[in-house]
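The values are calculated or read from the model by the stated rules, or taken from the named source; none is laboratory data. None of the values given here were measured: they were computed from a predicted structure. With ideal geometry, Cβ positions are generated from the backbone for all residues, glycine too; neighbour counts draw on all protein chains shown.
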Amino acid sequence: MKIVSIVGARPEFVQAMSVSRAIRENHQEILVHTGQHYDYLMSQAFFDELGIPAPDYNLEVGSGTHGTQTAEMLVRMEEMLLNEKPDLVIIRGDTNSTVAGALAAVKLHIPVAHIEAGERSYNKSMPEEINRLVSDRISDLHFCVSKAAVQRLAEEGIRDTVHWVGDVMLDAMLHARPIAYEKSDVLERNGLEKGSYSLVTVHRAGNTDNSERLRKIVLTLNSTGETVVFPAHPRTRKALERINAKFAGNVRLIDPVAYFDMVVLEDNARLIATDSGGVQREAYFLGKPCITLREETEWTETVEVGWNKLVGVEPEVVLPVWKDFKPTGEQPPIFGTGEAGKEIVRIIEKEYQKQELVAA
Ligand code: UD1
Ligand code: UDP
C-alpha cells in the first residue's frame, strides 16, 4: 500500500512515531508535514529524537488565522495528493492539519483513517472540537485510544468502522522513556530533583486568548509555594507578554522543551497541571497526579478513575487541589499497552485486503 501520513503540530509528531515504523515494515509511507509548527523545539527536535523519517513534503503553511491556515493546507495538500495518488490518508488528533488532511482526501475519493477518533469535549467554542467532529464524520476508519471514545462515536451513529487500538502516545512514551533518561540533562540543567517541583503546560486558545483566565493562571502559579516548571508554548509566551505577566521567584518560565526533556520532567514532577490533551494522558501513563486547567476534558476516564481533576482556573479552586491532590487508586490500562501503532497497521491491511477500504 501507499499511505500518506499527515502531521503538522507537536503532538502529531509524537503520535506519528510508532505508526510510521509499523507502516514502513511492509508498505510505502509518504510523510507530509503541513508546516503548522515550525520552530526547532516545536517540530524538528521531535523528528531527531524519535527517529521519525524526514518528511517527503513540507507544505510550509506556517501560522495564520484558522481560515487562512486551513485553506492554504487544503490547496497544497490537494496538489500533493493528486501527485501521489495514495491508497489511504492517515490523519491524527484534532488540529487544523487534521481536518485539512481529511477534507483534501475525501474530496479526491481517497479513504481516510483517523487516529485518536471519537474524542469530544462537547464544547464547540474549541477549534479542536470542530476539527474532530468534521474529521470523524468524513473518515472511513476510526482508531480510538479508549473504549469511551468508541462509545461516543457509537452515539453519533459511527460504528462499523471503529476500532479500539489504544494510544499511540503510549507507544512513543514506552519507547522514549529509557532513552530520555540516558540523553536528557534537564533536571541537572534546571537544578531540579525528583518530586521537588510541579510541571505546568498551558496553550489552549481558551486559556491564552482570554486575558482574565491567563491572569488567574499566573496568580495561581505564583501562589503555589513550590517550584513550578513552566515550559511555555510560543502562543502562551506571546499571550503572557501581552498581559505583562509577572512571575514570582518560584516559577521557572522556560522555552518549550524537546520530547526527551519533557518525558523526564513529567516523570519526576510531584504534580502535573495542564490544559494539554497529550500531557493529561502522559501524566496517566507515568502515574502522576494531574490537574486539568479547564472546565471539561476529552479524557474523562482519567477523571473517573481518580487520577485527573478538572479544576478550571479560579485560584481558590485550583490551589487547594494543587496542594492536597494525592490519588491512590488503581490505574486500569484505559489506553492499551503500547502496541497501538502495530495494531493500526494490522487493521488497515485487513481492511484493504477485504477491498472494503473505499472512501464513503
Ligand atoms: C495547535 C492545535 C492544538 C494543539 C496544539 C499543539 C489547532 C487549531 N490547534 O494549537 O489543537 O493542541 O497545536 O501544540 O490546530 N507558533 C510559533 N512557532 C511555532 C508554532 C506556533 O511561534 O512553531 C505561534 C504562532 O504565533 C502561532 C501560535 O503559536 O500563531 C499558535 O500556533 P497554531 O499552530 O495556530 O496553534 P496552537 O496553539 O499551536
Ligand atoms: N511536549 C513537549 N515539550 C513541551 C510541551 C509538550 O515535548 O514543552 C509534548 C508532550 O509531552 C506531548 C505533546 O508535546 O507528547 C503534547 O503536545 P501539546 O501539549 O502541544 O498538544 P495537545 O496534546 O494538547 O494537542
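Miscellaneous remarks
- Unmet criterion (only one of (1) surrounded by fewer than 21 Cβ atoms within 10 Å (Cβ to Cβ); (2) within 15 Å of ligand 2 (Cβ to nearest atom)) for H27: (2)
- The helices (runs of 4 or more DSSP H) found wholly in the range 1-108 and carrying at least 2 residues that are of a type in the set (G, A, S) and at pLDDT 95 or above occupy 10-26, 66-84, 96-107.
- Enumeration of residues in the range 208-238 that are away from ligand 2 (no atom under 11 Å from the Cβ), assigned to a helix (DSSP H, G or I) and either aromatic (F, W, Y) or touching a residue at least 60 places away in the same chain (Cβ under 8 Å) (or both): R213, K216, I217, L219, T220
- Single match in E212, E298, E316 (criterion: acidic (D, E) and either within 16 Å of ligand 1 (Cβ to nearest atom) or touching a Phe, Trp or Tyr at 6+ places or on another chain (Cβ under 9 Å) (or both)): E298
- Take the conditions (1) part of a helix (DSSP H, G or I); (2) surrounded by fewer than 21 Cβ atoms within 10 Å (Cβ to Cβ); M169 misses just one of them, which is (2).
- Some residue of the range 114-129 being closer than 23 Å to A283 by Cα, touching a residue at least 12 places away in the same chain (Cβ under 8 Å), more than 16 Å from ligand 1 (Cβ to nearest atom) and part of a helix (DSSP H, G or I): no
- Pairs with Cβ under 7 Å, 6+ apart, first in the range 9-20 and farther than 13 Å from S276 by Cβ and aliphatic (A, V, I, L, M), second within 8 Å of ligand 2 (Cβ to nearest atom) and in a helix (DSSP H, G or I): M17/A172
- Count - residues of the range 312-336 that are free of Cβ contacts under 8 Å to residues at least 60 places away in the same chain and either under 22 Å from D94 (Cβ atoms) or not in a loop (DSSP other than H, G, I, E, B) (or both): 6
- A340 surrounded by 15 or more Cβ atoms within 10 Å (Cβ to Cβ) and at pLDDT below 95: no
- For the range 30-47, filtered to residues that are more than 17 Å from the chain's Cα centre (by Cα), more than 14 Å from T95 (Cβ to Cβ) and crowded, with 17+ Cβ neighbours inside 10 Å, the residue that is farthest from ligand 2 (Cβ to nearest atom) is I30.
- Within the span defined as the range 308-320, every residue fails to be buried (at least 21 other Cβ atoms within 10 Å of the Cβ), farther than 29 Å from H27 by Cβ and within 16 Å of the chain's Cα centre (by Cα).
- Matching residues, the range 121-179, being among the aromatic types (F, W, Y) and more than 19 Å from A340 (Cβ to Cβ): Y122
Residues are listed down the side, and each one gets a yes or a no for (1) among the aromatic types (F, W, Y); (2) in contact with a Gly (Cβ under 6 Å, 6 or more places away or on another chain); (3) closer than 27 Å to I291 by Cβ; (4) buried (at least 19 other Cβ atoms within 10 Å of the Cβ):
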position: A113; (1), (2), (3), (4): no, no, no, yes
position: S135; (1), (2), (3), (4): no, no, no, yes
position: S184; (1), (2), (3), (4): no, no, yes, yes
position: A205; (1), (2), (3), (4): no, no, yes, no
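- Positions within the range 207-222 being out of contact with any helix residue (DSSP H, G or I) (no Cβ under 9 Å at 6 or more places or on another chain) and either under 17 Å from I291 (Cα atoms) or of a type in the set (D, E) (or both), in sequence order: E212, L221, N222
- L50 farther than 20 Å from R346 by Cβ and either surrounded by fewer than 18 Cβ atoms within 10 Å (Cβ to Cβ) or more than 16 Å from ligand 2 (Cβ to nearest atom) (or both): no
- Applying the condition of being near ligand 2 (Cβ under 10 Å from one of its atoms) and in a loop (DSSP other than H, G, I, E, B) to the range 239-292 and asking which residue is surrounded by the fewest Cβ atoms within 10 Å (Cβ to Cβ) yields D255.
- Flag: V19 does not match the condition of being crowded, with 24+ Cβ neighbours inside 10 Å and farther than 13 Å from G341 by Cα.
- Residue match in the range 57-73 (condition: within 15 Å of ligand 2 (Cβ to nearest atom), over 29 Å from E343 (Cα atoms) and of a type in the set (S, T, Y)): yes
- Of all the numbered requirements in (1) within 16 Å of ligand 2 (Cβ to nearest atom); (2) crowded, with 20+ Cβ neighbours inside 10 Å; (3) under 23 Å from E301 (Cβ atoms); (4) aliphatic (A, V, I, L, M), A180 misses one, and that requirement is (3).
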